[in-house]
Amino acid sequence: MAPPAMPNDLSTSWEVTDFVVNQGHGVKGLSEMGLESLPKQFIQPLEEQMLLNKVVPEESIPVIDVSNWDDPKVEDMVGRAAEDWGFFQIVNHGVPVEVLDNVKAATRRFFETSAKEKKKYLREHSQSKHVRLTSSFVPHSDKALEWKDYLSLFYVSDEESDTFWPPVCKDEALDYMKRAELVGGKLLQLLMNRLNVKEIDETKQSLLMGSKRMNLIYYPKCPNPELTVGVGRHSDVSTLTMLLQDDVGGLYVRKRDTDDWIHVPPMSGALVINVGDALQIMSNGRYKSIEHRVAANGSKNRISVPVFVNPRPTDVIGPLKEVLESTGEKPMYKQVLCSDYTRHFYKKPHNGKDTLDYAKI
Ligand code: OGA
Ligand code: NI
């Protein structure tokens, strides 16, 4: 395999973007050239750089032991964490450690394949619109590029996954996705119970988690980590997100209603759970979809694997009738078609929680 072009071959901005985005090298390819400084496309506006943001090391998001899902204390802790923090970690969730290790190894394996191989999964080449390798978030609309590559897998069926997901990671990815989905279902049951939704019938099930997406994310080490970000400030559009991270760290969560940022420390075997916009809308604002971001790292590559459970694109969501009836509250959000909401999210660069404004009354 020919070595990648040397940095000084990439003298124009267009060449960097072309190398990273179009040729399949990704940000990882750029990182591996041993650049001394960050190409300017990746320099974030000052206010987005981590240095200027206040990190409060003494705070942490809740860690909840869910070994007994039927314990009312577990429901209480999960519910309160979703209301107060929108983010928490769970341990003893029942997903075997091998499944977690396998999907992490599979993620690394995928990103270690050649640019030629990875190119097959870029938007222009992928044989399925449900499988897409992207470098940075929406490269064409971002103000500045993010220091990451990710393979996004939208689940349609086992057959589709078997045919189109990359062979080096498909089995492990699918296995993990199904386990994470089960955990998501259990959490949603507890969270719904607290909202007076006593039974999750088929329609509710579909509304809460009728579609699933999983991303295999690679954050390469970065020459000037303080000038860029792994992922910019955003909240997720999902109902719930279950995220597996390796032991590097770098995920920061905004403390609700403050400008403080809190680090989510890697915990072996834990899953990081967060409420997404769809659940905030359905709960009429009771559960909080919180802004988060990932800092770039100067010395280590990091991987993470979020699984997003979502309504289906054709679903219309709004505050649940049971919530409005039991609380007597006025709806804070309109009824929105999920595909419109998601389209709105992808149309603009990451900018905190402003996607939710789209649904506000
Ligand atoms: C995301 C996200 C965080 C991480 O993909 O939406 O917030 O730690 N990822 O990778
Ligand atoms: Ni996110």
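Filtering P266, P306 for residues that are touching a Gly at 6+ places or on another chain (Cβ under 7 Å) and either at pLDDT 95 or above or open to solvent by less than 10 Å² (accessible area, probe 1.4 Å) (or both) leaves a single hit, P266. Note on segment 161-188: residues that are open to solvent by 10 Å² or more (accessible area, probe 1.4 Å) and in contact with a Ser or Thr (Cβ under 7 Å, 6 or more places away or on another chain) amount to 4. All told, K300 meets the bar of being within 14 Å of ligand 1 (Cβ to nearest atom) and of a type in the set (K, R). Among the conditions (1) part of a strand (DSSP E or B); (2) within 11 Å of ligand 1 (Cβ to nearest atom); (3) not hydroxyl-bearing (S, T, Y), V248 misses just one, which is (1).
Counting only helices (runs of 4 or more DSSP H) that fall entirely inside segment 6-119 and contain at least 2 residues that are surrounded by fewer than 18 Cβ atoms within 10 Å (Cβ to Cβ), the qualifying elements are 13-17, 72-84, 97-112, 115-119. Here I200 meets each of (1) in contact with a Phe, Trp or Tyr (Cβ under 7 Å, 6 or more places away or on another chain); (2) buried (at least 16 other Cβ atoms within 10 Å of the Cβ) with one exception, condition (1). Checked against the criterion of being over 19 Å from D357 (Cβ atoms), in a strand (DSSP E or B) and out of contact with any Cys (no Cβ under 6 Å at 6 or more places or on another chain), the candidates V294, V323 yield just one match: V294. Please indicate, with yes or no, whether at least one residue in segment 221-229 is more than 26 Å from Q41 (Cβ to Cβ), surrounded by fewer than 21 Cβ atoms within 10 Å (Cβ to Cβ) and more than 13 Å from ligand 2 (Cβ to nearest atom). Within segment 221-229, not a single residue is more than 26 Å from Q41 (Cβ to Cβ), surrounded by fewer than 21 Cβ atoms within 10 Å (Cβ to Cβ) and more than 13 Å from ligand 2 (Cβ to nearest atom). One residue stands out among those in segment 309-346 that are over 15 Å from D277 (Cβ atoms) and β-branched (V, I, T): the one that is surrounded by the most Cβ atoms within 10 Å (Cβ to Cβ), which is V323. Among residues of segment 227-246 that are touching a residue at least 40 places away in the same chain (Cβ under 8 Å) and of a type in the set (S, T, Y), those with a beta-carbon under 6 Å from a residue that is open to solvent by less than 10 Å² (accessible area, probe 1.4 Å) and near ligand 1 (Cβ under 10 Å from one of its atoms) at least six positions away or on a different chain give the pairs S238/G276; T239/G276; T241/N274; T241/G276; T241/P306.
Scanning segment 251-263 for residues that are crowded, with 18+ Cβ neighbours inside 10 Å and either of a type in the set (K, R) or outside any strand (DSSP E or B) (or both), we see that the one that is nearest to ligand 1 (Cβ to nearest atom) is R254.
Are any of the residues in segment 275-282 farther than 24 Å from A81 by Cβ and assigned to a loop (DSSP other than H, G, I, E, B)? Looking for residues that are farther than 24 Å from A81 by Cβ and assigned to a loop (DSSP other than H, G, I, E, B), one finds none in segment 275-282, hence no. The listed residues are K143, K148, K204, and the only one of them that is in contact (Cβ under 8 Å) with a residue 12 or more places away in the chain, closer than 26 Å to G298 by Cα and more than 16 Å from ligand 2 (Cβ to nearest atom) turns out to be K143. Return yes when G210 is within 16 Å of ligand 2 (Cβ to nearest atom) and under 20 Å from the mean Cα position of the chain (by Cα) and no when it is not. When the stated conditions are applied, G210 does not pass them. Of the residues G285, G276, the single one that is within 11 Å of ligand 2 (Cβ to nearest atom), without any contact (Cβ under 8 Å) to a residue 60 or more places away in the chain and not aromatic (F, W, Y) is G276.
The values are calculated or read from the model by the stated rules, or taken from the named source; none is laboratory data. Keep in mind that what you see is a predicted model, and the values were worked out from it rather than measured. As a convention, Cβ positions derive from the backbone with ideal geometry for all residues, glycine included, and neighbour counts pool all protein chains shown. Protein only, heavy atoms only, side chains kept; ligands, DNA and RNA dropped before computing areas. Shrake-Rupley method; radii C 1.70, N 1.55, O 1.52, S 1.80 Å.
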